[in-house]
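Let me begin by presenting the structure, written as structure tokens, before commenting on it.
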Amino acid sequence: MTQKTILNETHRALGAKMVDFGGWDMPLNYGSQIEEHHAVRRDAGMFDVSHMTVVDLHGARTREFLRHLFANSVDKLKTRGKALYSCMLNEQGGVIDDLIVYFLTEDFFRVVVNAATHDKDLAWIEKQAKAFDVKVAERADLAMIAVQGPNARAKVQSLLSPATREAAAKVGKFAAIEGDNLFIARTGYTGEDGYEIIVPEGDAVSLWNKLKDAGVAPAGLGARDTLRLEAGMNLYGQDMDEAITPWEAGLAWTVSLEPGRDFIGRAVLEKQKADGVPRALVGLVMDEKGVLRHGQRVATAQGDGEILSGTFSPTLGKAIAFARVPAGATTGVEVDIRGKLVPVRLVKYPFVRDGKACEGI
Amino acid sequence: MNEIPGDLKFMKSHEWARVEDNGNVTVGISDHAQGLLGDLVYVELPSVGDEVKAGNACAVVESVKAASDVYAPVSGEVVAVNSALGDKPETINEDAYGEGWIFVVKPSNLAEESEELLDPDAYAESIEDEEH
């Protein structure tokens, strides 16, 4: 059965083209995904991300539990509202999901995981939580709207009460505040500033309409994908999965190997690091015309790799991609597009940050 | 959806063909097809002089979302291509039946092959069947 967010009728009334995404009926675009992409890069756009799963964890041993569950260290979270991006690994070091965890109090952390991995994530978290006596509560009563772009924060703030507005204006990157019955996090998946707002379902349609009246453009999953790839952000299921370790997914920066913390998958990660990681995730830019796409073969002197996420970058006007290639590949890289080998450049990503192409792209 | 011009013939795979006064056949993709693909970002054109065969792929249109082959509605020699699409592929989104034409064929077997093509009503019906 296809699931619908509380904003489903609102999307349809706006003329959205709807698609199935991980079992959810979601807007792909509201007309032109390229215009929606530019709206986020140049002004402000909003995404319904209510399909994502909010899980609240309660219990005296919650921090201890999360030190065991996540590859990144929740010990970095010291002040209320602070957020951390992490992978949750299986015993083989493979990625079960990537997520954001928020610290609220020592006995209350909030986790946001992907929609398509909902069932296996909850089953895994509940299984591991038992030993720590942590209560796992899915918050299906909450909706989520991501408002992103250079003018996103100002437009959201214009709708808040004075006290909440002040807190939201002050909150630093990768942290959240609460007010006006909203959970307002300065996080996102676009490479622009902005907020991800968690809102009770009953208030979500009204918030969406107020944001629209404030000049925030509705944007669909199509724009969300081009924005996140330009920003150099991984998509679960495409750039990594349970057969891939963070080392091979460009996520080494999210793994914390501080001494004395025995997280799930650690032993395998340490062994792979010592033995040498055979493959690496790299960024590709194609200067010739055409589009890089998932599944295309990447030819290198060290052997073949493949494109994981590939798209046309509306900001750069050329194709960009993530590829997994044999370690050591740097130059002379080509992509097989319909039987023709086309040269591509291997680059350091992100490709785009804060509206502009990054250096070397 | 835009009205389908009455002088066009279609393939089920969404190409349109128009027989011009000089007997050549102009080819593009339908307005319905551009809507399915979304914003177009690249068109791979055939070369002038290429021999194409009815039903074979001879061009590619790519949107942000997907790449799609364009099949030749009729056999013959390619005598013109719309090279303006190289810089402005979005012309197909804006004017699929006009400025968004893709190539022109000098047909070699038009009388027989045009029998296989759909008139606008039959094409509209085939779209409806696809959607249900």
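Residues in segment A:329-361 that are in contact (Cβ under 8 Å) with a residue 24 or more places away in the chain and small (G, A, S) were compared, and the one that is nearest to B:A57 (Cα to Cα) is A:G332. Picking from residues in segment A:285-320 that are in a strand (DSSP E or B) and aliphatic (A, V, I, L, M), the one that is surrounded by the fewest Cβ atoms within 10 Å (Cβ to Cβ) is A:A299. Got at least one residue in segment A:321-328 being farther than 16 Å from A:N234 by Cβ, buried (at least 17 other Cβ atoms within 10 Å of the Cβ) and not assigned by TED's automatic domain parsing to the domain that holds A:T245? The answer is no, given that none of the residues of segment A:321-328 is farther than 16 Å from A:N234 by Cβ, buried (at least 17 other Cβ atoms within 10 Å of the Cβ) and not assigned by TED's automatic domain parsing to the domain that holds A:T245.
For segment A:243-274, the set of residues classified as closer than 28 Å to A:L229 by Cβ, part of a loop (DSSP other than H, G, I, E, B) and either modelled with pLDDT under 95 or small (G, A, S) (or both) consists of A:A243, A:G250, A:S256, A:G265, listed by residue number. Elements of the type strands (runs of 3 or more DSSP E) sitting completely within segment B:6-95 and holding at least 2 residues that are touching a helix residue (DSSP H, G or I) at 6+ places or on another chain (Cβ under 6 Å) and modelled with pLDDT of 95 or more: these cover B:40-44. Flag not set for A:V101, criterion: surrounded by 19 or more Cβ atoms within 10 Å (Cβ to Cβ), in contact with a helix residue (DSSP H, G or I) (Cβ under 6 Å, 6 or more places away or on another chain) and closer than 28 Å to A:D354 by Cα. Regarding A:K318, is this residue away from chain B (no Cβ under 14 Å) and not hydrophobic (A, V, I, L, M, F, W, C)? Spelling it out, it is not the case that A:K318 is away from chain B (no Cβ under 14 Å) and not hydrophobic (A, V, I, L, M, F, W, C). In segment B:42-65, the residue that is farthest from A:M18 (Cα to Cα) out of those that are open to solvent by less than 20 Å² (accessible area, probe 1.4 Å) and within 14 Å of chain A (Cβ to nearest Cβ) is B:P46. Among the residues of segment B:90-113, those that are under 14 Å from the mean Cα position of the chain (by Cα), of a type outside the set (D, E, K, R) and surrounded by 14 or more Cβ atoms within 10 Å (Cβ to Cβ) comprise B:T91, B:I92, B:N93, B:A96, B:Y97, B:G100, B:W101, B:I102, B:F103, B:V104, B:V105. Identify all residues within segment A:157-179 that are aliphatic (A, V, I, L, M), under 17 Å from A:L104 (Cα atoms) and either under 23 Å from the mean Cα position of the chain (by Cα) or open to solvent by less than 30 Å² (accessible area, probe 1.4 Å) (or both); write none if there are none. Listed by number, the residues that qualify are A:A168, A:V171, A:A175, A:A176, A:I177. For first residues located in segment A:268-279 and touching a residue at least 12 places away in the same chain (Cβ under 8 Å), partners that are open to solvent by 70 Å² or more (accessible area, probe 1.4 Å) and lie 6+ apart or on another chain with Cβ distances below 6 Å form the pairs A:V268/A:Q92. Condition first: over 22 Å from A:N29 (Cβ atoms) and of a type in the set (S, T, N, Q). Now tell me which residues in segment B:38-67 satisfy that. Of everything in segment B:38-67, those that are over 22 Å from A:N29 (Cβ atoms) and of a type in the set (S, T, N, Q) turn out to be B:S47, B:N56. Does any residue of segment A:34-52 turn out to be more than 14 Å from chain B (Cβ to nearest Cβ), in contact with an Asp or Glu (Cβ under 9 Å, 6 or more places away or on another chain) and of a type in the set (V, I, T)? Yes: one or more hits. Screening A:E270, A:E242 for residues that are among the charged types (D, E, K, R), in contact with a Gly (Cβ under 8 Å, 6 or more places away or on another chain) and assigned by TED's automatic domain parsing to the domain that holds A:L89 leaves exactly one candidate, A:E242.
Scanning segment A:346-361 for residues that are exposed (fewer than 14 other Cβ atoms within 10 Å of the Cβ) and either in a strand (DSSP E or B) or within 14 Å of chain B (Cβ to nearest Cβ) (or both) gives a single hit, A:K356.
Within segment A:202-226, residues that are within 14 Å of chain B (Cβ to nearest Cβ) have Cβ atoms under 7 Å from residues that are in a loop (DSSP other than H, G, I, E, B) in these pairs: A:G220/A:A16; A:G220/A:Y30; A:G222/B:G38; A:G222/B:V64; A:G222/B:K65; A:R224/A:Y189; A:T226/A:P314; A:T226/B:V64, counting only partners at least 6 apart in sequence or on another chain.
Quick check on A:L89: is it away from chain B (no Cβ under 14 Å), touching a Gly at 6+ places or on another chain (Cβ under 6 Å) and under 30 Å from A:V268 (Cβ atoms)? Yes: the conditions hold for A:L89.
For segment A:329-340, the candidate set comprises residues that are open to solvent by 40 Å² or more (accessible area, probe 1.4 Å) and more than 14 Å from chain B (Cβ to nearest Cβ); within that set, the residue that is farthest from the chain's Cα centre (by Cα) is A:G332.
The values are calculated or read from the model by the stated rules, or taken from the named source; none is laboratory data. Remember, it's a predicted structure, so these values are computed and weren't measured experimentally. Quick reminder, even Gly has a Cβ in these numbers, built from the backbone with ideal geometry, and neighbours come from all protein chains shown. All accessible areas refer to the heavy atoms of the entire protein, side chains included, with ligands and DNA or RNA removed. Shrake-Rupley method; radii C 1.70, N 1.55, O 1.52, S 1.80 Å.
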